[in-house]
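Asks: Below is the structure I would like to discuss, written out as structure tokens.
The values are calculated or read from the model by the stated rules, or taken from the named source; none is laboratory data. In this text, all values refer to a predicted model and were calculated from it rather than measured experimentally. When we count neighbours, we look across all protein chains shown, and the Cβ atoms used for this are built from the backbone with ideal geometry, even at glycine. Remember, those area values only see protein heavy atoms, side chains included, never the ligands or the DNA or RNA. Shrake-Rupley method; radii C 1.70, N 1.55, O 1.52, S 1.80 Å.
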Amino acid sequence: VKGSTKIISIVPEGTQAYEGMVLVKLDASVYQDNLDEQEIALTQAKALYEQAKDAVEIQKTVNESEIAAAKLAYDLAQLDLRKYVEGDYKVLKTAAESKITLAKEKLAQSLDAYEFAKRQSKKGYVNQNELEQKRVNVTTAELDLETAELELTVLEDYQKTRDEAEKQAQAQETARELERTKQKADAALNQALQDLAAREMTAKVEQTKYDKLVEQIAQCTIVAPQEGQVIYAVSDSRRS
């Protein structure tokens, strides 16, 4: 037993002992008090260790969810970019070109109707108001054609460039965000693992202290190693 302690009980000299018989009991009250306190410390350390284990698993789940969300945003941004370049833009361009084609046909029809009306007017079959209306129709058709052609120019020279650049920037940003999310996830998991390692070490230290106290308490009870007679030891040392 470490340190100094006192004998609580001891069998008389000459006692016939059997193997395992208690011969001496030392005062273990101090160790028992320390053991009670250490048991609390050990329980708390184990609880913190279990919490740290749970925190690691929770962090892994959080990381998976956040990375999956960032990956989905990245995939959708890439899809939006391809959709615009390969789909939406072509649809818009086709619609603009179709509008120009229709405007040209309408203008051609309006010109034919106007020319026909002018000939009929000379013959007296069409009055001036009707002829003027035909001329207005031509002007309207010309303006419609001009507008349709301008819309196509704006689409090809400005709108496409702007929309494509915007979607490319969004795709690039989601790529960077995905990388940032992975880095944050790694950092958070590493921190959780470090906390787990620290709490595991603390729990082991507290367990070692607890085991030593249990060992000390056990050593406060001395038993006979075999059957025989108890004889008190006498030291030959003058200092004893």
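Asks: Would you work out what percent of the accessible area of the chain, with all protein chains in place, is carbon or sulfur (probe 1.4 Å)?
Replies: Percent of accessible area from carbon and sulfur atoms in the chain: 53.
Asks: Local charge sum around ASP157 (other residues, Cβ-Cβ under 14 Å, Lys/Arg +1, Asp/Glu -1)?
Replies: That sum, taken over residues with Cβ under 14 Å, equals -2.
Asks: Of LYS99/LYS167; LYS53/LYS182; LYS60/LYS204; LYS71/LYS160; LYS60/LYS182, which sit over 19 Å apart, Cα to Cα?
Replies: Distance filter (> 19 Å) returns LYS99/LYS167; LYS53/LYS182; LYS60/LYS204; LYS71/LYS160.
Asks: What figure, in Å² to the nearest 10, do you get for the accessible area of GLU200 with a 1.4 Å probe and non-protein molecules left out?
Replies: Counting only protein heavy atoms, GLU200 exposes about 70 Å² to solvent.
Asks: Taking a probe of 1.4 angstrom, what is the accessible area of GLU105 in Å², to the nearest 10?
Replies: Result for GLU105: roughly 100 Å² accessible.
Asks: Just the accessible area per residue of the stretch 143-226, please: how many Å² with a 1.4 Å probe?
Replies: That works out to 67 Å² per residue.
Asks: With Kirkwood's inverse mean 1/r over C-alpha pairs for Rh, give me the Rg to Rh ratio of the chain, two decimals please.
Replies: 1.70
Asks: Quick one: check the C-alpha center-to-center distance for the stretch 77-145 versus the stretch 184-240, whole angstrom.
Replies: Taking the Cα centre of each part, the stretch 77-145 and the stretch 184-240 sit 98 Å apart.
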